[in-house]
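Working notes for the structure below.
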C-alpha cells in the first residue's frame, strides 16, 4: 500500500487558504484519484455557515471534488480550470471535524476538456456527487 501523498506534490496548483485536500490516498494518473480532508472546527467559514449549526458549504465540497479531479488529471505542471459543474447533489450535511473522502474518475475527454464523475463520502456514506468538467488552461 502506498502511503498518502501531499496534494501539492501531486500537482495541485492551489495554495493556502484555498487547498481543500489534506492527502492523496490513491491516484491512477490521467484516470482517477481518491483524496481526503478533515474539516477542522476552526475553519473560518463555519462561523457564518451556520451559527449554532455549522456545516461545510456545498461550494467547498464541490471545490474539493474539483481539486480531486485535477489530481486525477495527472499532469503536474499543467493547470486546469473548472469549466462546468453538472448534476451536483448534496445528500447529507457535513459537520465540523468530519473526514471526507473525495473521488474522481475520468468519464470523457473531448479536445481540451476532461469530464469526471465525482463523489464525497463521510464514513462510507455518500454525502455529495456530481460531474466536474475541467479545461486545460
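Here are a few things to note about the model shown:
- Filtering 86, 92, 105 for residues that are in contact with a strand residue (DSSP E or B) (Cβ under 6 Å, 6 or more places away or on another chain), outside any strand (DSSP E or B), at pLDDT 95 or above and surrounded by fewer than 19 Cβ atoms within 10 Å (Cβ to Cβ) leaves a single hit, 92.
Residue-by-condition table, conditions (1) assigned to a loop (DSSP other than H, G, I, E, B); (2) at pLDDT below 95; (3) surrounded by 14 or more Cβ atoms within 10 Å (Cβ to Cβ); (4) more than 14 Å from the chain's Cα centre (by Cα):
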{"site": "11", "(1), (2), (3), (4)": "yes, yes, yes, no"}
{"site": "14", "(1), (2), (3), (4)": "yes, yes, yes, no"}
{"site": "20", "(1), (2), (3), (4)": "yes, no, yes, no"}
{"site": "33", "(1), (2), (3), (4)": "no, no, yes, no"}
{"site": "37", "(1), (2), (3), (4)": "no, no, yes, no"}
{"site": "41", "(1), (2), (3), (4)": "yes, no, no, yes"}
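- Some residue of region 66-83 being under 16 Å from residue 122 (Cβ atoms), in contact with a strand residue (DSSP E or B) (Cβ under 8 Å, 6 or more places away or on another chain) and surrounded by 13 or more Cβ atoms within 10 Å (Cβ to Cβ): yes
The values are calculated or read from the model by the stated rules, or taken from the named source; none is laboratory data. Because the structure is a prediction, the values reported are computed rather than measured. Ideal geometry is used to build each Cβ from the backbone, glycine not excepted, and the neighbour counts take in all protein chains shown.
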